[in-house]
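Structure first, commentary second.
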Amino acid sequence: MHPLIYVAVLCLGFVIAFALYEILGSDMYEDEVESPYKRRRFLMDSNAEYGLFKVLVELYGEHYYIFPQVHYSHLLEVSKHDWKEARRQMAQLDRKSADFVLCKKGDVSPQLVIELDGPSHARERTQERDEFINEVLEAAGLPCLRIPVGPYTPESIKKLVDEALAGK
């Protein structure tokens, strides 16, 4: 074959590749995969949680850190030495989080778990989960305050939290 034919075929190949690139766009050559994750708009799950968070910060923010959405696996550890049993018990805490945790500012030690109980807490399965969490927290010596969603005042929240912190 004549060398000019090679040059012509090569040029034609470049022209076709350029045309495809222009027609199909550069995405054809990029290996981009859209992530299944996106940023949540708000940290809180509901307006009721956000409202309670603001009240807690106003009332207790000077002396306590108020952390929302804390996984129970960060609050509790398993005392069993058998790693299989410990792993099984920790798995029971997986994907469960406290609505709020009040921690001392000095050492960031958890002092009180606060759960805001909405309508979903009337379901049997949720009640079983709540009972499990109550038992685990009690055994660990960490008080848990359950506040039903509904109208409340900062004063009523202060009374409930103060009583829970005092161990009443």
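The values are calculated or read from the model by the stated rules, or taken from the named source; none is laboratory data. All of these numbers come straight from a predicted model, not from anything done at the bench. Don't worry about glycine lacking a Cβ; one is built from the backbone with ideal geometry, like all the others, and counts go over all protein chains shown.
One table, with the values for the structure above:
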item	result
Residue within the stretch 120-139 that is in contact (Cβ under 8 Å) with a residue 40 or more places away in the chain and of a type in the set (Phe, Trp, Tyr) present	yes
Gln69 vs. criteria surrounded by 10 or more Cβ atoms within 10 Å (Cβ to Cβ), at positive phi and of a type in the set (S, T, N, Q)	yes
Those residues of the stretch 116-150 which are of a type in the set (S, T, N, Q) and under 22 Å from Leu165 (Cα atoms), in sequence order	Asn134
Residues of the stretch 37-49 classified as within 20 Å of Leu160 (Cβ to Cβ) and surrounded by 14 or more Cβ atoms within 10 Å (Cβ to Cβ), total	3
Count of residues meeting criterion [out of contact with any strand residue (DSSP E or B) (no Cβ under 8 Å at 6 or more places or on another chain) and at pLDDT 90 or above] in the stretch 40-60	6
Tyr60 being of a type in the set (Phe, Trp, Tyr) and surrounded by fewer than 17 Cβ atoms within 10 Å (Cβ to Cβ)	no
Any hit, the stretch 113-126, residues being at positive phi and surrounded by fewer than 16 Cβ atoms within 10 Å (Cβ to Cβ)	no
Meets criteria (touching a strand residue (DSSP E or B) at 6+ places or on another chain (Cβ under 9 Å) and more than 25 Å from Leu165 (Cα to Cα)) for Asp99	no
